[in-house]
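One structure is given here, and the rest of the page talks about it.
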Amino acid sequence: MKKLRGFEIAKGFENYNINLPIRKTKNSAGYDLEAAEDCVIPSFKRGNKPTLVKTGLKAYMCEDEVLILANRSSNPGKKGLVLANSIGVIDSDYYGNSDNDGHIMVSFYNVKDEDVYIKKGEAVAQAIFQKFLVTDDDVAEGERTGGFGSTN
């Protein structure tokens, strides 16, 4: 059977007992992503960089697909966590890249007055596979040369 799309453990996380993402209900669009390790997301202060929460996962998919990372609906109200980039976009060529093997990380700001503690195995985001379209005059020929943020 040909592999079309799914999740694998990223290099360096083989001994972290990472759970592969699952959908909680048959009509859920998103697969729940969990934190690979305990981490702290500090209370927002002007000039703070976002905190990257490691998942220990990478995702493979067809060339005309993208993996969208979305915040959990409960995160802003309960924990004050918002995605720094509103949504995450994981391109198909991010998988297995030379910089970080395609390791998926979730970028958060914490808008609460107190630090937020995330436990290993806690669901932090949801991932949704989608097809995408290109324009009639698309001429993209570039190739990925690295990992996180490498396409400028």
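Where a number appears in this text, it was derived from the coordinates with a stated rule and is not lab data. All values derive from a computational prediction rather than experimental measurement. We place every Cβ from the backbone using ideal geometry, glycine too, and count neighbours over all the protein chains shown.
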Distance between modelled label sites at Ser74 and Lys3, nm, 7 Å Cα→Cβ extension: 3.1
On a straight-distance basis, which lysines could pair with Lys131 in a cross-link, Cα separation under 27 angstrom, same-chain partners fewer than 8 positions away excluded? Lys2, Lys3, Lys11, Lys24, Lys26, Lys54, Lys58
Lysines whose Cα lies under 21 Å from that of Lys45, excluding same-chain neighbours fewer than 8 positions away: Lys78, Lys79, Lys112
To the nearest 0.05, the calculated FRET efficiency linking Tyr117 and Tyr16 through their beta-carbon distance, R0 being 25 Å, is 0.85
